[in-house]
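Have a look at the structure below before the remarks.
The values are calculated or read from the model by the stated rules, or taken from the named source; none is laboratory data. What you are looking at is a predicted structure, and each value in this text was computed from that prediction instead of being measured. In this analysis, Cβ positions are derived from the backbone assuming ideal geometry, glycine residues included, and neighbour counts consider all displayed protein chains. Ligands, DNA and RNA are excluded from the accessible area calculation, which covers all protein heavy atoms including side chains. Shrake-Rupley method; radii C 1.70, N 1.55, O 1.52, S 1.80 Å.
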Amino acid sequence: MPDTAKQTTLNAEYPHLPLKDQFALVTGANSGIGEGIARHLAAAGASVAINYVVRPETAQAIADDINATGRRAIITQGDVSDEASVQEMFKATLGQFGCLDIVVNNAGLQQDAFLTEMTVEQWYKVIGVNLTGQFLCSREAVRHFKQRGKRDVSVALGKIVCISSVHEVIPWAKHVNYASSKGGIMLMMKSIAQEVASAKIRVNSIAPGAIKTPINRSAWETPEAEAKLLELIPYDRVGDTDDIGRAAVWLSSDASDYVTGTTLVVDGGMTLYEGFATGG
Ligand code: BGC
């Protein structure tokens, strides 16, 4: 949804432009959490490439908002689960930006089913986008950071932010493909972080809890559903994409320069096991 006024408000959150002169790519940024992250990174001064697979008009509307407020965004097509498509997307984005400093692995989806009903296609689809997609984009990012060398815009050579989920630690019945992909992201992120730390590349994850986006609409769109969801959230509110956008700015900026290989949980306490608040 075009929302220039919202972008103007976000821009005012970052008067010191912590990501000034940096270039960022956000995958799956034409809706939901990815859109929120793209808007916040742009507000913080980065030029942002908004990746989409289909529906370019949704990505363009977000880019138009950002550009209308004096920040910078472009759109870039690519299917993160496809190796050739990822390489083409990096090439096209670098063709326009010249370099990248920040890559946010956000693209993700759910295809929920009971184990006994889950098809292998549903398994491969979710693992392909959520986990293999993050591997492919991280690999291109690290190749690029090392090849382009140090820039004066940040202490680090480059930053990668992986969007995981509370389901990297909370098992989730009827979502075995999704929970497996998120658990995989946790050790993928840590293993890459360990491998590239000496090259001054920082790799971290954000684990969102329940955030109001299209992916979980049925869990919050009626008052009854929202009340049930809130039983799982000690802080007693469902999150919004700004909560994740702010965390992404911090993990991308030099303010978090000593942070690598960690998961920042942004969940209103969902991983505190609310059921134990009154018993156990
Ligand atoms: C899922 C949402 C869910 C949330 C908390 C997220 O990773 O995509 O559907 O509401 O975790 O369970």
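A few comments on the model shown:
- In segment 186-218, residue farthest from VAL155 (Cα to Cα) [restricted to those that are within 11 Å of the ligand (Cβ to nearest atom) and assigned to a helix (DSSP H, G or I)]: SER218
- Looking only at segment 219-235, residues that are within 13 Å of the ligand (Cβ to nearest atom) and of a type outside the set (Val, Ile, Thr) come to 10 in all.
- Looking at GLY32, GLY95, just one residue is small (Gly, Ala, Ser), farther than 17 Å from GLN134 by Cα and out of contact with any Pro (no Cβ under 7 Å at 6 or more places or on another chain), and that residue is GLY95.
- Any hit, segment 161-171, residues being open to solvent by less than 20 Å² (accessible area, probe 1.4 Å) and either in contact with an Asp or Glu (Cβ under 6 Å, 6 or more places away or on another chain) or among the charged types (D, E, K, R) (or both): yes
- Residue within segment 160-171 that is more than 9 Å from the ligand (Cβ to nearest atom), at positive phi and part of a loop (DSSP other than H, G, I, E, B) present: no
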